[in-house]
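Structure, as C-alpha cells:
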Amino acid sequence: MPDESLRTLLSPFDLGTVHLRNRVFVPGHTTNFGLDNIPTPRLVAYHEERARGGVGLIVTEAIRVHPTSAGRSISLGSFDDSSIPAYAAVARAVHTHGTRIFAQVMHAGRQANGDATRTAAWSSSPVPWAAGAHVPHAMGRRDIAVVVEAFAAAARRMRQADFDGLEVHAGHGHLLQQFLSPHTNTRDDGYGGSLDNRMRLTREVLTAVLSTAGELPVGLRVSADEFLPGGLDPTAVVEIVGKLRAEFPLAYVHVSHSAYHGSYSLATQIADMSFGHAPFRHHAALFKREFPDLPVLAVCRLDSLPEAAELLTAGEADLVGLARPHIADPHLVRKAVEGRQHETRACLACNQGCIGRLETSLPISCVVNPEVGAEREWSAAWPELPGPDGGRRVLVVGGGPAGLEAALAARRAGHEVTLVEARAQLGGQVEVAARVPGRQRFGLLTRDLARDVRAAGVQVRLGHRISVEEVLAGDHQDVILATGSRPARRPLPDGPPVLDLWQAVDQLADADFRPDGTVVVRDDDGTWAAASVAESLARRGARVHLVSPTAGVCARITTYSRLALLKRFADLGVVAHPLRTVRAAGPAAVTLTGPLAGADVRLDGVTVVVDAGSAHADDALYRQLDALPDGPRIHLVGDANAPRTAFEAVYEGRLAGAFLGSYRTVSAQRVLHAH
C-alpha cells in the first residue's frame, strides 16, 4: 500500500477533458534522441518506460515548429506532415500503459543559433542570449506570420498523431518570452513597447493553436521570474496570464522560471543540489492564489514524491512535475503505488549525465541510471543473461560506485557475488565527496546502491584489503576490480604546506574548522572536486584563490551549474586565476605564473595549498593479477581503469557485472551500440 502522505498525489485528476490516473507528470525536457528532428525508436522506448512506471502525464520536450528553431538535427521538430507517424508512435507507446501525453510546441528564438543548420536565429530584437553568441535576426511582420502559421500546423499534426493535449511554451527565454520581456524586446512597432504590444505574438499563437487543436486542451508554460534586470518578474507574469486567461480557454498554466540567458538566470532553470529542496515552489503557489480555479502545474527541484506531495497538501499546485527523478528512476510512481517507495533510486540533482551532456550535443544519460536512452536494448539483454542456474562465482574488489554497481548487476544477472572493501564503510570517493558541505546529496548514489546490493543477496565484507593470494585461493571465475584512484599531492619545496583533496575534505568535515589567511586551490581538472572545496573554504572565512592552467574556470562543470557557482564565488570573494600555474615563493607565499596571463602574481600570507590535480589509478592489484600467466578473468572498472567521474564508474560497473566481459554476445552489442 502507498504511504498515506501520498494519497492526494496518487489520486486521479481531470486536466480539461483529459482524465489522469494521478497528479504526477514528467515535464518537457530535452533528450537529444531525435534524428532529422523527428522522434526515433529510442525516444519511443524512453517515454514508454516512464509510462510503464506509472506516471499520470508526460509532456514532451519542446517540439520546434519551424526550421529556424531547429538548432541541431537531434532536437525534435514538426516541420511538415511527414513527421506525424513518428509522433504517433510515441503517443501509442505511452497510451499502452495508461499514461496521457501532451505535446509541447515551441520556437526557441535567439537560442537556435546556426552552428549546426547555418541558419540565422530569429528573435524579437537583435539581442544575443550571451556574450559571444550569434546576434539574432530581428523578425519582420512576414517572419512573424510564418511562425504563427507554423505553430498552428504543428498543433494540427500533434492532434492527428493522437496526442491528448497541447502545451504552448512561452517561458524559459524562448521566442514568445523574448517578445513578452522588456529585457529582450526593444521593438518600436506593434509588437514592442507596451505590455499589450509585447503580448501580441503570444495572443496570435494561442489563437492559431486553438483554431487547430479541436477538442484537445491547451495549456501555457510560463517563466514566473526571469531573474534579469528590467526583465519579467512574478507581478508582470501574473498580469500576463490573467489577460490571456480572460481571452483564451487555457486548460492550465505550467509555472516555471528563468530566461535562457548567459547569467545566473539560466542556472535556476535546472537547479542543481546547491539550491536545496524545492527552491522555487513559491512561484506556483503565487499563481494558485491568484487563479484558484485554474489548474497550476509546478516544477523544478522536486526531488521525490514526498517532497512533491508537500505542494499539493499546501494547496500550492494541482499537478507536480519531476523530470530528473524520472530520468534516474522511471518507475518511481509505480514503486510508490505498490508500497515500494523505499526501493527508489534517488536523483542526485548533479546535472552531470542529463543537462551536462546536452550542452555538448550528446543524448542524455544519468549517473544513477546508465540504461537511459538504451531502454529497449537493456530490456532485451537482461532476460538473455544466465539467470540463477547458469551463474558464475564473481569477486568484486572495491565498494565505491563502480564496484557496487558491478556487484548489483552481476547478482541481477544470476551470478554468485562477493564484494570486498578495504575501508570500514561502502561508498568510495562518493562518500568523501558527500562530506563536503553543499555536496551531501551526492551520497545518495552509493547509499541506494549499498541498500540494493545487500537486498539482492551480495555477500559484503568490509574493512579488509584483499591480497593476490586470497584472490587466487577464492576459486572465483571472474574478478571485477573497482579499486578506485587516489588524489594527487604535489609538494612545494620551501613553500606553504600542501593538502590533497581528501585531507582538505577531512578538515572541512569538522564543523568548527575555520581556515586562517589565504588558501590556494590548484585545479587542474575543472570539476566539482576543486570547486566545492574552494567554495566551502571561502564559506569558512578563508581568502581563496582558485588557480587553473586551463583557459576556463571550472570548465568541466555544466554551464547550467557553473553560472550559479561563479555567482557564489563572486559573493564569497573567491578569486579565479585561469591560465596560471603555482610555484613556491617562500614559506607563506606562492607565485602564480602563466605565459598568456600577464605578469606573475605573488600571493602572500598563504597558510595552505590544496592540490586538486589529476588523480592516480589505484591499480596495484590489477597489475599484479594481470602479470600472472593464468587465473580468473579480470574486469577493470571505474577509476581503477582510468580516473574519471561517477558517471563513467557506474556505467562501466553495470556493463562489467551484467556481461562479465562477454562483449561479443548479441545482447551486449545491442547495449554498447545504443550508448
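The values are calculated or read from the model by the stated rules, or taken from the named source; none is laboratory data. Quick caveat, the model's predicted, so the values are computed rather than measured. With ideal geometry, Cβ positions are generated from the backbone for all residues, glycine too; neighbour counts draw on all protein chains shown.
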Check: Name the residues in the stretch 505-534 that are buried (at least 24 other Cβ atoms within 10 Å of the Cβ) and either without any contact (Cβ under 8 Å) to a residue 40 or more places away in the chain or in the same structural domain as residue 429 (by TED's automatic domain parsing) (or both), would you?
Finding: 531
Next item on the list: Would you mind telling me which numbered condition in (1) assigned to a loop (DSSP other than H, G, I, E, B); (2) crowded, with 24+ Cβ neighbours inside 10 Å residue 442 fails?
Entry: (1)
Notebook entry, point to check: Which of the residues belonging to the stretch 587-596 are in contact with a Lys or Arg (Cβ under 9 Å, 6 or more places away or on another chain) and closer than 14 Å to residue 491 by Cα?
Noted result: 589, 590
Check: Which of the residues belonging to the stretch 107-161 are in contact with a Gly (Cβ under 7 Å, 6 or more places away or on another chain) and in a strand (DSSP E or B)?
Finding: 122, 123
Notebook entry, point to check: Looking at the stretch 33-77, which of its residues are among the hydroxyl-bearing types (Ser, Thr, Tyr) and farther than 19 Å from residue 373 by Cβ?
Noted result: 68, 69
Notebook entry, point to check: If you go through the stretch 640-662 one residue at a time, do you hit one that is surrounded by fewer than 22 Cβ atoms within 10 Å (Cβ to Cβ), modelled with pLDDT under 95, assigned to a loop (DSSP other than H, G, I, E, B) and not acidic (Asp, Glu)?
Noted result: yes
Notebook entry, point to check: Among (1) over 24 Å from residue 21 (Cβ atoms); (2) in a loop (DSSP other than H, G, I, E, B); (3) free of Cβ contacts under 8 Å to residues at least 40 places away in the same chain, which single condition is residue 285 missing?
Noted result: (2)
Check: Does residue 239 satisfy the criteria of being modelled with pLDDT of 95 or more, in a helix (DSSP H, G or I) and outside the structural domain of residue 127 (by TED's automatic domain parsing)?
Finding: no
Check: Does the stretch 162-181 hold any residues that are within 15 Å of residue 213 (Cα to Cα) and of a type in the set (A, V, I, L, M, F, W, C), and which are they?
Finding: 163, 166, 168
Check: If you go through the stretch 582-610, how many residues are over 20 Å from residue 500 (Cα atoms), at pLDDT below 95 and either in contact with a helix residue (DSSP H, G or I) (Cβ under 8 Å, 6 or more places away or on another chain) or among the charged types (D, E, K, R) (or both)?
Finding: 1
Notebook entry, point to check: Take the residues of the stretch 411-433 that are assigned to a loop (DSSP other than H, G, I, E, B) and buried (at least 21 other Cβ atoms within 10 Å of the Cβ): which is nearest to the chain's Cα centre (by Cα)?
Noted result: 427
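If you take just the helices (runs of 4 or more DSSP H) that sit entirely in the stretch 308-369, which of them hold at least 3 residues that are more than 16 Å from residue 21 (Cβ to Cβ)? Let's see the steps before the verdict.
Numbers: elements: 324-328, 332-337, 355-358.
Where helices (runs of 4 or more DSSP H) fall fully within the stretch 308-369 and carry at least 3 residues being more than 16 Å from residue 21 (Cβ to Cβ), they are 324-328, 355-358.
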Notebook entry, point to check: Hey, any hits in the stretch 463-486 for a residue that's in a strand (DSSP E or B) and either in contact with a Lys or Arg (Cβ under 8 Å, 6 or more places away or on another chain) or at pLDDT below 95 (or both)?
Noted result: yes
Note to self: Just to be sure I understand the filter: pairs with C-beta atoms under 9 Å, separated by 6 or more residues or on different chains, first member in the stretch 256-281 and under 13 Å from residue 222 (Cα atoms), second member among the basic types (Lys, Arg). Which pairs pass?
What the structure shows: 256/221; 260/110
Margin query: I'd like the full set of residues that are touching a strand residue (DSSP E or B) at 6+ places or on another chain (Cβ under 8 Å), of a type in the set (A, V, I, L, M, F, W, C) and assigned to a loop (DSSP other than H, G, I, E, B), limited to the stretch 1-35.
Written below: 9, 10
Check: Just one of the numbered conditions (1) in a loop (DSSP other than H, G, I, E, B); (2) under 18 Å from residue 455 (Cβ atoms) is not true of residue 403; which one?
Finding: (1)
Notebook entry, point to check: Among 244, 250, 297, which is the only one that is modelled with pLDDT of 95 or more, more than 24 Å from residue 349 (Cα to Cα) and outside any helix (DSSP H, G or I)?
Noted result: 250
Margin query: Exactly one condition in (1) assigned to a loop (DSSP other than H, G, I, E, B); (2) modelled with pLDDT under 95 is false for residue 557; which is it?
Written below: (2)
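So is residue 68 surrounded by fewer than 20 Cβ atoms within 10 Å (Cβ to Cβ) and either out of contact with any helix residue (DSSP H, G or I) (no Cβ under 7 Å at 6 or more places or on another chain) or not basic (Lys, Arg) (or both) or not?
Criteria not met by residue 68.
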Next item on the list: Scan the stretch 585-595 residue by residue and report those that are part of a loop (DSSP other than H, G, I, E, B) and within 17 Å of residue 546 (Cα to Cα).
Entry: 588, 594
Note to self: When you scan the stretch 185-193, do you find a residue that is crowded, with 19+ Cβ neighbours inside 10 Å, in contact with a Phe, Trp or Tyr (Cβ under 9 Å, 6 or more places away or on another chain), assigned to a loop (DSSP other than H, G, I, E, B) and assigned by TED's automatic domain parsing to the domain that holds residue 158, even just one?
What the structure shows: yes
Notebook entry, point to check: How about the stretch 574-602: which of its residues are over 29 Å from residue 429 (Cβ atoms) and out of contact with any Asp or Glu (no Cβ under 9 Å at 6 or more places or on another chain)?
Noted result: 595, 596, 597, 598, 599, 600, 601, 602
Next item on the list: From (1) free of Cβ contacts under 8 Å to residues at least 24 places away in the same chain; (2) within 25 Å of residue 13 (Cβ to Cβ), pick out the condition that doesn't hold for residue 105.
Entry: (1)
